[in-house]
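The values are calculated or read from the model by the stated rules, or taken from the named source; none is laboratory data. Quick caveat: nothing in here was measured; it's all calculated off a predicted structure. Note that each Cβ is placed from the backbone with ideal geometry, even for glycine, and that neighbours are counted across all protein chains shown. Just so you know, the surface numbers come from the protein's heavy atoms only, side chains and all, with ligands and any DNA or RNA stripped out. Shrake-Rupley method; radii C 1.70, N 1.55, O 1.52, S 1.80 Å.
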Amino acid sequence: MAIVPIYAGEQMLISADPDKGHVHIEMSSTGYRERYVSLYVERAEELQEIIDALVRAKQHLTD
């Protein structure tokens, strides 16, 4: 099975790899010299913790 693209934004790419059993989140910085951070999440519980944290962070932007 191939890598499944989930989200592609200007500075973030999220994809799933069913064969390896993980979600790949890649973020890049802007500027003269871009830097990349890659996060591989293999457990559904860990992914849910990240989602929950992002929901809490979003609340701070909308309040």
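For this structure, a couple of remarks:
- Per residue accessible area of the chain, 1.4 Å probe, in Å²: 86 Å²
- Cut-off under 5 Å, modelled amide H: who pairs with ALA16 long-range: VAL4, ILE6, HIS24
- Karplus-based coupling profile of region 49-54, in residue order and whole Hz: 4, 5, 4, 4, 5, 5, with θ = phi - 60° in 6.51 cos²θ - 1.76 cosθ + 1.60 and x standing for Gly or Pro.
- Each residue of region 13-24 was assigned a 3J(HN,Hα) from its phi angle through the Karplus curve 6.51 cos²θ - 1.76 cosθ + 1.60 (θ = phi - 60°); the sequence is 10, 10, 9, 10, 10, x, 5, 8, x, 9, 9, 10 Hz, with glycine and proline shown as x.
- Within the accessible area of the chain (1.4 Å probe), percent carbon and sulfur: 56 percent
- The orientation-averaged projected area of the convex hull spanned by the Cα atoms of the chain comes to 5.3 nm².
- For region 29-42, Karplus couplings with θ = phi - 60° (6.51, -1.76, 1.60), whole Hz, Gly/Pro x: 8, 9, x, 4, 10, 5, 10, 10, 10, 10, 10, 10, 10, 10
- For the chain, the residue among TYR7, LEU61, TYR40 whose Cα projects farthest onto the positive side of the dipole built from Cβ charges is LEU61.
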